[in-house]
Each structure stands twice: as structure tokens, then as C-alpha cells.
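**Student:** Mind looking over this structure? Questions follow.
The values are calculated or read from the model by the stated rules, or taken from the named source; none is laboratory data. These figures come from a predicted structure and were not determined experimentally. Because the Cβ atoms are built from the backbone with ideal geometry, glycine has one as well, and the counts that use them run over all protein chains shown.
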Amino acid sequence: MISKGRKALLIYGAGHLYRNWNRNITTLLESNTQSKLFVIVPIGGPEPEYARFDSLAAVPGPKFVRVRGTAIGTMNAADVLERGTQRLRIVDGKRLSAPVFESPVRLDELVDAGLYFGRKEPTLAAPDESLYANTDYGRELQRRQMIVSGAHSPGKNEAR
């Protein structure tokens, strides 16, 4: 689709789309094609860091917030994105947690815009597990959950 010069909408977890972030979908597309990408991530929650966005709350409903070239873009990404999230790393066969952002990074270095959904705790909806029953994807999700929960230690030849 992209090779034909068409437009595409990709919906993924934010970490798969951050700019300048390891080797992910965005870096692969930008390095291998003439693609122009515009990365939008969800922003919001009850934490005090989101008070900067309170002026947007005058009109109900989610708001599109441009990040690049604004004061919001200068915010530390760790204060806005991946709050409470830890990365799982396996070092010498041991499971270790690490912060998503190990060093300070500005929000505008990762994304172009955000969809601000307010100061309420986000409601997360899990998909119906039957969607993945007896599929390779479902088995992969189970394998990863076992690793995260500590019920399984990956062998030398398994992907980490």
C-alpha cells in the first residue's frame, strides 16, 4: 500500500510508533520508504502532570493536541507517556524491570500530537479472549504472559 503512494492509518500501542525510539514501525517506515508519518498517542489521566492540559477541558470530549512546536512538546515524555509502565528485560536468565524511558526525552522527540481524553482514570477494555482461541497469535500471547508472570523462563534459543 505504501509503495503505491497511498495513505494508511496504523493503530498500534504507542511504544510501537514513537519516533527516534529503538527499531519500531515508525523508524522502519521512515528509513525504508518515502513515507510521511504523523504519530498521535493518547494523553491524559488523574496525575498532576496532566494539569497543563486543563484548559482543554472547557469543551467536553477528547481533544486533538499538537505537540511538535508547542510548550507541551518540551515536557519530559516520562511525565506524560507510559505512566506506571515497566519494561521487562531478561539478563543472565533473570527477569528485571526497567523504566520505559531510561533517560530524559522530550515529548516532541517521540510524537507529533496527542489525543487528550481528560483527567479521569482511563477505562481499558480487554478484547474477548475467544478472538484469539486456538490461533498462533493467542499462543504467543499466552507464552509472553507466562514470561511476564514468571511462570516460564525463556531458554537460550527463545526470543526475548
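**Student:** Out of all the residues in segment 48-67, is one or more closer than 30 Å to S149 by Cβ and at pLDDT 75 or above? Walk me through it before giving the result.
**Tutor:** We begin by selecting, within segment 48-67, every residue closer than 30 Å to S149 by Cβ; these are 49.
Cutting the leftovers down to at pLDDT 75 or above gives us 49.
Yes, that holds for at least one residue.
**Student:** Next question, about the same structure. Just to check your reading of the model, which residue among F64, F53 is loosely packed, with under 15 Cβ neighbours inside 10 Å, aromatic (F, W, Y) and not in a loop (DSSP other than H, G, I, E, B)?
**Tutor:** Working: F53 fails: loosely packed, with under 15 Cβ neighbours inside 10 Å.
Residue meeting the stated conditions: F64.
**Student:** Something else: Against the conditions (1) within 25 Å of R19 (Cβ to Cβ); (2) among the basic types (K, R); (3) touching a Leu at 6+ places or on another chain (Cβ under 7 Å), where does R87 fall short? Just the number, please.
**Tutor:** Condition not satisfied by R87: (3).
**Student:** Return the residue satisfying two criteria in turn: it lies in segment 1-18 and is over 11 Å from the mean Cα position of the chain (by Cα) and surrounded by 10 or more Cβ atoms within 10 Å (Cβ to Cβ), and of such residues it is modelled with the lowest pLDDT.
**Tutor:** Of segment 1-18, the ones over 11 Å from the mean Cα position of the chain (by Cα) are 1-10.
Still in the list and also surrounded by 10 or more Cβ atoms within 10 Å (Cβ to Cβ): 2, 10.
Working: I2: 62, L10: 78.
Filtering first and then ranking leaves I2.
**Student:** So L96 ticks every box in (1) surrounded by fewer than 16 Cβ atoms within 10 Å (Cβ to Cβ); (2) under 28 Å from K120 (Cβ atoms) but one. Which box is left unticked?
**Tutor:** (2) is the only condition that L96 fails.
**Student:** Read through the list (1) under 18 Å from the mean Cα position of the chain (by Cα); (2) over 21 Å from Y12 (Cβ atoms), then give the number of the only condition that Y116 fails.
**Tutor:** Among (1) under 18 Å from the mean Cα position of the chain (by Cα); (2) over 21 Å from Y12 (Cβ atoms), the lone unmet condition for Y116 is (2).
**Student:** Right, something else. Identify all residues within segment 19-41 that are loosely packed, with under 14 Cβ neighbours inside 10 Å, closer than 17 Å to F101 by Cα and in contact (Cβ under 8 Å) with a residue 40 or more places away in the chain; write none if there are none. Break it down into steps so the answer makes sense when it comes.
**Tutor:** Step one: of segment 19-41, the residues loosely packed, with under 14 Cβ neighbours inside 10 Å are 20, 22-23, 28, 31-34, 36, 38.
From the residues that got through so far, the ones that are closer than 17 Å to F101 by Cα too are 20, 22-23.
Residue satisfying the conditions is N20 alone.
**Student:** In segment 100-136, which residues are assigned to a strand (DSSP E or B) and not basic (K, R)? Lay out the reasoning, then the answer.
**Tutor:** Filtering segment 100-136 for residues assigned to a strand (DSSP E or B) gives 106, 113-116.
The answer is A113, G114, L115, Y116.
**Student:** Looking at (1) aromatic (F, W, Y); (2) touching a strand residue (DSSP E or B) at 6+ places or on another chain (Cβ under 7 Å); (3) not assigned by TED's automatic domain parsing to the domain that holds G15, which is the only condition Y132 fails?
**Tutor:** (2)
**Student:** If you take the residues of segment 68-92 that are modelled with pLDDT of 80 or more and small (G, A, S), which of them is surrounded by the most Cβ atoms within 10 Å (Cβ to Cβ)?
**Tutor:** A77
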